[in-house]
Structure formats: structure tokens, C-alpha cells
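Worksheet: the structure to be examined is printed underneath.
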Amino acid sequence: MAFGNMDVNTYGLKAWWDDVDESETWQNRIYYSLAGAYALIAVVALIQLIRIEFRVPEYGWTTQKVFHLLNFLVNGVRAAVFVFRRDVQYLKPQILQSFLLDLPGLLFFTTYTLLVLFWAEIYHQARSLPTESLRPTFLVINATIYVVQILIWLILWWKPVSFLESFSHYFFAGVSFIAAIGFLLYGGRLFLMLRRFPIESKGRRKKLREVGCVTAICFICFTIRSIIMGWSAFDKKFDLDVLDHPILNAINYLLVEIAPSALVLYILRKLPPKRLSNQYHPIH
């Protein structure tokens, strides 16, 4: 009897899911809700950027300022795309739609791997290891990813190929996996290094919790993103960024961008000290 009830509940859930997917009203509700969430995060990131600029205007574009600026751009573009989601779906040529839907994902990768770069520099400095190659490596990796994605867009524009469309999903999955490994590698190393030091001050304990929480959040979100992108390439029923999959889009973007961004911005809400510290590096 219990199995019969389970089958009925499963069928009811599937019917509800299908009804929502096919309902233009529910599509609009979900996409406008996503737009509102992204807009709120963009505003928070912009406010934090302005606060930091007033606190330390003399140090130019620091890692922290660039991080908040990119957060503002990523979430602002996502908000605009979801406000005009129905129009974006029918943009011609196809490359414009792909550009608006995929570019924020690349910018999200760049935004949060800035934290990996920042922690790698701190870790190398603390271990008296060379840091000269870290920033060029970060720039080369990001430049390579953007060039490959642009080439995919251009080829698909010239001649749509189903294999290349699947490869694009796998490519995003691989990029997300690289980010997850980066957080695990350098966030984990920095966390373990801080744990070995005597935790004699409230500030040291707070920094330890900050690194641990951000590492865990970013590792989980990029791992989930990698799995979802790979799955969507393998099974077209789970294809993202199509108008009639609003629930799937809501779950995906909530797990891999909205919730992680909100949590990380909250954890990193502290303003930098007025004087330049060893943990506050300008980007040249």
C-alpha cells in the first residue's frame, strides 16, 4: 500500500513539475524572482565596493575591490537577462543568446578564482615560496578559457554542430571542476596552515572560520555546477537555459550562484583596515 501511495505522490509531483514548466505565468514568476535575487546581490556588492573605496581610496584597484566589482557585473547581467528572459530566448543570431547566457558564468569563474589567487599568494608568502608566477598563471588560465569559449561561439554561429553544443557544456563542467579543485587546494592549504598557528586572538579565529567557510561554500557550488553541466550535456531532458525549464533553472542558479554569492559576500563583509596590511594587495 505504501508503494502505491509513493507512486501516486511521484506521479503527482511529476504532473505538477510539468504544469509549472509549461505555464507561462509560472515561468515569468520564477524568472522575475531570479532577477530580483540577482539584482539584490548586485546592489549589495556595489554598496560594499563603494564602502571600501571610501575606506581606502588611495590604494587603487585592490583584489577586494575587483572582486566586488565583478560580483556587481555578474549579478547585474544575470538580473537583466532574467528580466528579459523571454526576449533573450528568441534572439537572433543564436550567438547573441549564447553570449548573454554563458558570459556571466565565465565572469563568475573569474570572480571567485580571484579568491584562489589571493589565498595562493598569502600561502606562498607565508611559506617563503615564489609568488611571481601565480598572477601570470591566473591570467593565462582565464584568457585561455575565454578564447576557447569565444571560438566555440564563433564556430556554432558559422555552422551549428550538435557535438560542439555538447562539448560547450562539458567545457563549462571542466572549468567549474578546475575552480573547485583550486579552492580545495589553496583554500584547504591556507586553512590547515592557519590551524597550526596558535589561535590566541579573536581575529585569528575569525580568519580561520572565514577561510574554512568560503572554501567549503565555493568548493561545493563549483562541484555542483560541474555535475549539473555535465549531466545536462548527457541528458537533454535536463538542459539548462531554455525557457520551458524554469524549475530546473531556479534550482541550478540558486545552488551554484545566488546562495554562494550571498553567503560569501556576507562572510567577507568586513571592511579593510585604513592602513595597508599584508592581506590587502593592490592589483597592478
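For the range 174-191, give me each residue that is more than 14 Å from V214 (Cα to Cα) and without any contact (Cβ under 8 Å) to a residue 60 or more places away in the chain.
At the first step, the residues of the range 174-191 found to be more than 14 Å from V214 (Cα to Cα) are 174-178.
Selection gives G174, F177, I178.
In this structure, is F219 at pLDDT 90 or above, in contact with a Cys (Cβ under 8 Å, 6 or more places away or on another chain) and in a helix (DSSP H, G or I)? Please lay out each step first, then the result.
Values: at pLDDT 90 or above: yes; in contact with a Cys (Cβ under 8 Å, 6 or more places away or on another chain): no; in a helix (DSSP H, G or I): yes.
It is false that F219 is at pLDDT 90 or above, in contact with a Cys (Cβ under 8 Å, 6 or more places away or on another chain) and in a helix (DSSP H, G or I).
Across the range 77-92, which residue is nearest to G36 (Cα to Cα) among those that are outside any helix (DSSP H, G or I) and of a type outside the set (F, W, Y)? Reasoning before the result, please.
At the first step, the residues of the range 77-92 found to be outside any helix (DSSP H, G or I) are 84, 90-92.
This time we only want the ones that are of a type outside the set (F, W, Y), so: 91-92.
On the way: L91: 22, K92: 26 Å.
Looking at residues that are outside any helix (DSSP H, G or I) and of a type outside the set (F, W, Y), I get L91.
Out of all the residues in the range 222-260, which are touching a Lys or Arg at 6+ places or on another chain (Cβ under 7 Å) and either surrounded by fewer than 17 Cβ atoms within 10 Å (Cβ to Cβ) or modelled with pLDDT under 90 (or both)?
Of everything in the range 222-260, just one residue is touching a Lys or Arg at 6+ places or on another chain (Cβ under 7 Å) and either surrounded by fewer than 17 Cβ atoms within 10 Å (Cβ to Cβ) or modelled with pLDDT under 90 (or both), namely L243.
Which is within 18 Å of T63 (Cβ to Cβ), outside any helix (DSSP H, G or I) and either among the aliphatic types (A, V, I, L, M) or modelled with pLDDT under 70 (or both), of R275, R269? Spell out the reasoning first.
Values: R269 fails: either among the aliphatic types (A, V, I, L, M) or modelled with pLDDT under 70 (or both).
Of the residues listed, the single one that is within 18 Å of T63 (Cβ to Cβ), outside any helix (DSSP H, G or I) and either among the aliphatic types (A, V, I, L, M) or modelled with pLDDT under 70 (or both) is R275.
Counting only residues that are within 17 Å of I155 (Cα to Cα) and free of Cβ contacts under 8 Å to residues at least 24 places away in the same chain, which one in the range 82-116 is surrounded by the fewest Cβ atoms within 10 Å (Cβ to Cβ)?
K92
Among the residues in the range 34-57, are any at pLDDT 90 or above, charged (D, E, K, R) and within 23 Å of E121 (Cβ to Cβ)?
Among the residues of the range 34-57, not one is at pLDDT 90 or above, charged (D, E, K, R) and within 23 Å of E121 (Cβ to Cβ), which makes the answer no.
If I ask for residues that are part of a helix (DSSP H, G or I), of a type in the set (V, I, T) and surrounded by fewer than 20 Cβ atoms within 10 Å (Cβ to Cβ), which ones from the range 62-76 would you list? If you could, list the steps in order and put the result at the bottom.
Let us first name the residues in the range 62-76 that are part of a helix (DSSP H, G or I), namely 63-76.
Then keep just the ones that are of a type in the set (V, I, T); that gives 63, 66, 74.
Once the filter is applied, which keeps residues that are part of a helix (DSSP H, G or I), of a type in the set (V, I, T) and surrounded by fewer than 20 Cβ atoms within 10 Å (Cβ to Cβ), the range 62-76 yields T63, V66.
Which of the following residues is of a type outside the set (G, A, S), surrounded by fewer than 19 Cβ atoms within 10 Å (Cβ to Cβ) and more than 21 Å from P246 (Cβ to Cβ): Y123, Y59?
Details: Y123 fails: surrounded by fewer than 19 Cβ atoms within 10 Å (Cβ to Cβ).
Every option except Y59 fails the conditions.
Being surrounded by 19 or more Cβ atoms within 10 Å (Cβ to Cβ) and either touching a Lys or Arg at 6+ places or on another chain (Cβ under 7 Å) or closer than 17 Å to A45 by Cα (or both), is that true of even one residue in the range 128-146?
No, there is no match, as no residue in the range 128-146 is surrounded by 19 or more Cβ atoms within 10 Å (Cβ to Cβ) and either touching a Lys or Arg at 6+ places or on another chain (Cβ under 7 Å) or closer than 17 Å to A45 by Cα (or both).
The values are calculated or read from the model by the stated rules, or taken from the named source; none is laboratory data. What you see is a predicted model; the values in this text were computed from it and never measured. Every residue, glycine among them, receives a Cβ derived from its backbone with ideal geometry; neighbour counts consider all protein chains shown.
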